[in-house]
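**Student:** Questions regarding the structure given below will be posed in turn.
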């Protein structure tokens, strides 16, 4: 087994909740040593963000442990001069620092990019904001649903007749965290040549606009708002049959396919009247025709018919159905965190494989300040008793 | 202006459609020289993937130009021995190669990881598959909607009463492309220390499972399927009021907030009867109560009331409304590609800022084989006339 690619790198994570910690998680998955800098006692705010009221025995939420697994914790009160001095000593020896505080918070603590750079010119200073740090929105709360709602994204999903529909997961946090990692690693590559650190900035809003590049490019070019179909919407820019359909038993997804081929595969005579020229202009009408026909048999039957014709279709699965499939088990995506009370928490692993190696990490999130002693011994000049 | 962080890196992109090319785009945004290896004549399949039938004058789709901007094209027929030899010469001088062909295609061309590594042991070989390269699903089509449907993701979005609802954008392609970049850059960092290349693998399905880590962890822990609310679903794991609500004029998103504070801010007496203990267990009932009340005034009014109380809420915008906002304009997310016929295509820029610099690139996607001469001159030993 070769060493993990980021082994030897030291990351100080001032981040909280999801976006920043998800970046730290990926850096840890890939081998970096990630040290959370947390306020003494309560720790970072994400510890109290529970999903369905599931908590670990240490009082932090299950969610906290999944996204902060494999990290260390150094408790420090940034308003206390001694603690701040220790944090600055850590910064002097770190490769990366991340934060996702609102604009002004790190500056107030005396840890602006300029101040950090003065301590350590080689450091990569990476920050996430909600809306960028300038302009009228800079102090708005950087919360995922709110960002989805004001970025246009909620007009991509669900049917046009139903109004805007949000993605049911924290898409802005996830994308922004992933892009922060990209910026950090790119800056580290440059540093290996030039010795220079960098300032990497990203915002949830910019991430969500980038995510919508197809739609926005279409909108800029046409001046017209892309419209979702009224039924079975799959993507506002794509023509029939693209979408998910109810059947007599279960649901089936049908992607881009030639209408004539679909008609033949599912033996739907009514559909034969439509050609490629109709696929967008008569989108609702065609989808209605397909929807009605697919109610006459099961998703499993339709999948067989469509696959036999080489067409793109798939039965829709929920988590229970998925986790029973051999194809799912073969991926070995599950891993167990060994909690301090002896119990296990099953979560997902890093999706990236390096040299055939799947990246597992069994250490749960740290207790607040769990590593103060160890980190003090390794990194700090202890002038105080 | 400092040099872009990946300046000097050479990437050969054998990728097509969205996932692989989106990774190449980000590498190009960050300064890498990305050369598409395309079949002569038709080029990569994504050139014919149009959005709303919008095409550039060169016959490639607008979508192709947005996701392949700032790249070069080298036309080569991998089944032709001379062409393959040229490609191998390029591989010998490249830092990264990416592909997202189905399992077996690159192997058949004589360009498996082992063969490529024999040519260039320093190369990072990065590949995307749909479902991993082993197991019963390995030959299934790696299409975004199909992957969403079989990964459980469609049970996160929309209301429970409406059946599964897909995300209206290519989320699997986007996440997988972003994670491929992470793997590539991490492997390059290791190479700068060890001189060794690496094999980076990722699949659309693993990316989508990773994306659902909160849900899957909850499901593994409880054995129960998370359920969306029947109305106004925002996230299956979150309690009322989380969701988007219709008003007398427009829609408003309301995120995690204390129910009592919401009740007071929007002057809703009926809501006062609910406390934090009810927020999940009576989710539908509470959402119905809020939904009914919010129909009595406008989204703009409710936003004022909720913001005045310091609560997390936001009016929902479509693209037209968004693009008229000062906060949007201040981000300067738009950039113009200068097409060869003199026209401009407006698209979005890279969301990452480095040292305060926004990363723009004005060069559209290449014509198939546009850079054969230049690349031949720079990289190839031309033994043929």
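**Student:** Label the stretch A:335-377 by shape, choosing from rounded, prolate and oblate, from the square roots a ≥ b ≥ c of the eigenvalues of the Cα gyration tensor; if a/c is under 1.5 it is rounded, and otherwise prolate applies when a/b is larger than b/c, oblate when it is not.
**Tutor:** In terms of gyration-tensor shape, oblate.
**Student:** Report the relative contact order of chain B, percent, no decimals, based on alpha-carbon pairs under 8 angstrom and at least 6 residues apart.
**Tutor:** Numbers: 689 pairs, mean separation 67.5, N = 385.
Computed value for chain B: 18 percent relative contact order.
**Student:** Give the distance, in whole Å, between the Cα centre of the stretch A:91-132 and the Cα centre of the stretch A:325-385.
**Tutor:** 25 Å
**Student:** Any idea what the residue A:304 label distances to the other copies are, label 7 Å down the Cα→Cβ vector, nm, shortest first?
**Tutor:** Label-point separations across copies, in nm and ascending: 6.2.
**Student:** Using Cα-Cα distances under 8 Å and only pairs 6 or more residues apart, what relative contact order does the stretch B:276-354 have, in percent? Intermediate values should be presented prior to the final figure.
**Tutor:** Details: 34 pairs, mean separation 10.4, N = 79.
This gives 13 percent for the stretch B:276-354.
**Student:** Sticking with this structure for a sec: Simple spin-label model, 7 Å along Cα-to-Cβ: residue B:7 to residue B:320 in nm?
**Tutor:** 4.4 nm
**Student:** Just the number, please: Stokes-Einstein D of the stretch A:162-269 in µm²/s, Kirkwood Rh from C-alpha pairs, 20 °C, 1.002 mPa s. Working shown, then result.
**Tutor:** Details: Rh = 17.8 Å.
Taking Rh from Cα pairs, D becomes 120 µm²/s.
**Student:** Restricted to Cα positions, what overall size does the stretch A:71-208 have along the principal axes? Three whole-Å values, descending.
**Tutor:** Cα extents, longest axis first: 57, 37, 31 Å.
**Student:** Show log10 I(q)/I(0) for the protein assembly as shown at q = 0.05, 0.06, 0.08, 0.11 Å⁻¹, two decimals, from a solvent-free Debye sum over equal Cα scatterers.
**Tutor:** Log10 I(q)/I(0), no solvent term: -0.24, -0.35, -0.64, -1.28.
**Student:** Angle check, please: helix A:299-308 long axis (alpha carbons) against the longest principal axis of chain A (alpha carbons), in degrees 0 to 90, nearest 10.
**Tutor:** So the inclination is approximately 80 degrees.
**Student:** Which percent, nearest 5, of DSSP beta bridges in chain B are antiparallel?
**Tutor:** Values: 15 of 36 bridges.
Given both bridge residues lie in chain B, the antiparallel proportion sits at roughly 40 percent.
**Student:** For a Förster distance of 51 Å, can you work out the FRET efficiency between the beta-carbons of residue B:267 and residue B:381, rounded to the nearest 0.05?
**Tutor:** After rounding, the FRET efficiency stands at 0.05.
**Student:** Report the semi-axes of the equivalent ellipsoid for the stretch B:1-129 in whole Å, largest first, where each axis is √(5λ) for an eigenvalue λ of the Cα gyration tensor.
**Tutor:** On the way: eigenvalues 107, 74, 32 Å².
For the stretch B:1-129, the ellipsoid semi-axes come out as 23, 19, 13 Å.
**Student:** Going by C-beta contacts inside 10 Å, put B:289, B:350, B:268 in order with the fewest on the left. If you can, show how the numbers build up before the last one.
**Tutor:** Numbers: B:289 20, B:350 24, B:268 17.
Final ranking by Cβ density, sparse to dense: B:268, B:289, B:350.
**Student:** Expressed as a rounded percentage, what relative contact order does the stretch B:38-154 have, with Cα pairs under 8 Å and six or more residues apart? Could you put the intermediate results ahead of the total?
**Tutor:** Working: 106 pairs, mean separation 20.7, N = 117.
Worked out over the stretch B:38-154, it gives 18 percent.
**Student:** Go through B:321-333, B:167-179 and give me the packing order, highest mean Cβ count within 10 Å leading. Don't skip to the end; give the middle numbers.
**Tutor:** Numbers: B:321-333: 16.2, B:167-179: 26.3.
Taking the mean over residues of other Cβ atoms within 10 Å, the ranking is B:167-179, B:321-333.
**Student:** Alpha carbon centre of the stretch A:137-157 versus the stretch B:27-87: separation in Å?
**Tutor:** When both Cα centres are located, 33 Å separates them.
**Student:** Something else now. Which FRET efficiency value, to the nearest 0.05, do you get for residue B:362 and residue B:194 by plugging their Cβ-Cβ distance into 1/(1 + (r/R0)^6) with R0 = 41 Å? List each step's numbers first, then the result.
**Tutor:** On the way: r = 37 Å, r/R0 = 0.90.
That pair, residue B:362 with residue B:194, gives E of 0.65.
**Student:** Averaged over peptide A:187-200, how many Cβ atoms belonging to another chain are found within 10 Å of each residue's Cβ?
**Tutor:** Working: counts 7, 6, 14, 10, 3, 5, 5, 3, 0, 4, 1, 4, 5, 5.
The mean count of partner-chain Cβ atoms within 10 Å per residue comes to 5.
**Student:** Given label points at 7 Å from Cα along Cα→Cβ, what nm distances, shortest first, separate residue B:223 from the same residue in every other copy?
**Tutor:** Label-point distances to the other copies, shortest first: 6.1 nm.
**Student:** Given points 7 Å out from each Cα along the Cα-Cβ axis, report the residue B:84 to residue A:118 separation in nanometres with one decimal.
**Tutor:** It works out to 6.2 nm between the two label points.
**Student:** Give me the base-10 log of I(q)/I(0) for chain A at each q in 0.14, 0.15 Å⁻¹, Debye formula, one uniform scatterer per Cα, rounded to two decimals.
**Tutor:** Computed log10 I(q)/I(0) values: -1.22, -1.31.
**Student:** With a bin width of 10 angstrom, please list the P(r) values of the stretch A:183-227 as percents of all Cα-Cα pairs, from the 0 bin to the one holding the largest distance.
**Tutor:** Distribution as computed: 24, 29, 22, 19, 6 percent.
**Student:** Here's a follow-up. Tell me, what does the Kirkwood hydrodynamic radius of the stretch A:39-82 come to in angstroms if you use every pair of distinct C-alpha atoms? Walk me through the intermediate numbers first.
**Tutor:** On the way: mean 1/r = 0.0875 Å⁻¹.
Averaging 1/r across every pair of different Cα atoms and inverting gives 11.4 Å.
**Student:** Can you tell me what share of the DSSP beta bridges in the protein assembly as shown is antiparallel? A percent to the nearest 5 is fine.
**Tutor:** On the way: 34 of 77 bridges.
Approximately 45 percent, going by the DSSP bridge assignments.
**Student:** How would A:55, B:302, B:137 line up from fewest to most surrounding beta-carbon atoms within 10 angstrom?
**Tutor:** Working: A:55 16, B:302 24, B:137 21.
Lowest to highest Cβ neighbour count: A:55, B:137, B:302.
**Student:** How many partner chain Cβ atoms sit within 10 Å of a residue's Cβ in peptide B:338-351, on average, as a whole number? Before the final figure, lay out each step's value.
**Tutor:** Details: counts 0, 0, 0, 0, 0, 1, 2, 3, 5, 7, 11, 4, 6, 18.
Whole-number average of other-chain Cβ neighbours for B:338-351 is 4.
**Student:** Taking chain B as the reference, fit the longest principal axis to its C-alpha atoms, fit the long axis of helix B:171-194 to the helix C-alpha atoms, and give the angle between the two in degrees, 0 to 90, nearest 10.
**Tutor:** 50 degrees
**Student:** Would you please classify the overall shape of the stretch B:261-385 from the alpha carbon gyration tensor, given that a ≥ b ≥ c denote the square roots of the eigenvalues, rounded means a/c under 1.5, and beyond that prolate means a/b larger than b/c while oblate covers the rest? Intermediate values should be presented prior to the final figure.
**Tutor:** On the way: a/c = 3.95, a/b = 3.08, b/c = 1.28.
Note, shape of the stretch B:261-385 comes out prolate.
**Student:** If you count, for every residue in A:17-29, the Cβ atoms of partner chains within 10 Å of its Cβ, what is the mean? Before the final figure, lay out the partial values.
**Tutor:** Working: counts 0, 1, 0, 0, 0, 2, 1, 0, 2, 5, 2, 0, 3.
Counting Cβ atoms of other protein chains within 10 Å of each residue's Cβ and averaging gives 1.
**Student:** Could I ask something else about it? Measuring nothing but label to label, 7 Å from Cα along Cα→Cβ, what are residue A:193's distances to the other copies in nm, shortest first?
**Tutor:** From this label point to the equivalent ones elsewhere in the assembly: 2.0 nm.
**Student:** When B:161, B:345, A:96 are ordered from fewest to most other Cβ atoms inside 10 Å of their Cβ, what list results?
**Tutor:** Working: B:161 11, B:345 20, A:96 28.
So the residues, fewest neighbours to most, are B:161, B:345, A:96.
**Student:** Determine the gain in length on full extension of the stretch residue B:329-residue B:295; use 0.36 nm per residue of separation and subtract their C-alpha separation, reporting nm with one decimal.
**Tutor:** Working: separation 34, 0.36 × 34 = 12.24 nm, distance 3.09 nm.
Net length gain for the segment: 9.2 nm.
No lab work stands behind these numbers, since they all come straight from the coordinates. Because the structure is a prediction, the values reported are computed rather than measured. Here the Cβ is made from the backbone with ideal geometry for all residues, glycine too, and neighbour counts use every protein chain on show.
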